[in-house]
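Structure first, commentary second.
The values are calculated or read from the model by the stated rules, or taken from the named source; none is laboratory data. Quick caveat, the model's predicted, so the values are computed rather than measured. Positions of Cβ are backbone-derived with ideal geometry, glycine not excepted, and every protein chain shown enters the neighbour counts.
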Amino acid sequence: MSTDNIKKFMEFSSNHVVNINRILKSNKLDTFVNFIHSKYQDLIVITNKMSSLSDINIVENYIKNVYIVDNSNIQTTWLS
């Protein structure tokens, strides 16, 4: 994502958290997003637990649909 897109995305990050959580809940998933943080040109999505691949795909698809994102720039990292 470009720096401008990240800034725009972060202006409404609380709304994005609510929307992502609504989608996760509608899919009957136990994972929810706590908050979204930006660092340099990265978005960091913090969840309540280690997510499954389907949970991550939902979050990634949401972000891709909000702004035009080059798919090669999306990378998933699992921290424990």
The number of residues in region 39-50 that are at pLDDT 85 or above and of a type in the set (S, T, N, Q) is 2
Worksheet item: Is region 51-69 home to any residue that is in a strand (DSSP E or B), at pLDDT 80 or above and surrounded by 12 or more Cβ atoms within 10 Å (Cβ to Cβ)?
Response: no
Contact list, first residue from region 8-27 and free of Cβ contacts under 8 Å to residues at least 40 places away in the same chain and surrounded by 13 or more Cβ atoms within 10 Å (Cβ to Cβ), second anywhere and among the aromatic types (Phe, Trp, Tyr) and in a helix (DSSP H, G or I), beta-carbon distance below 7 Å, six or more apart or interchain, is Ile23/Tyr62
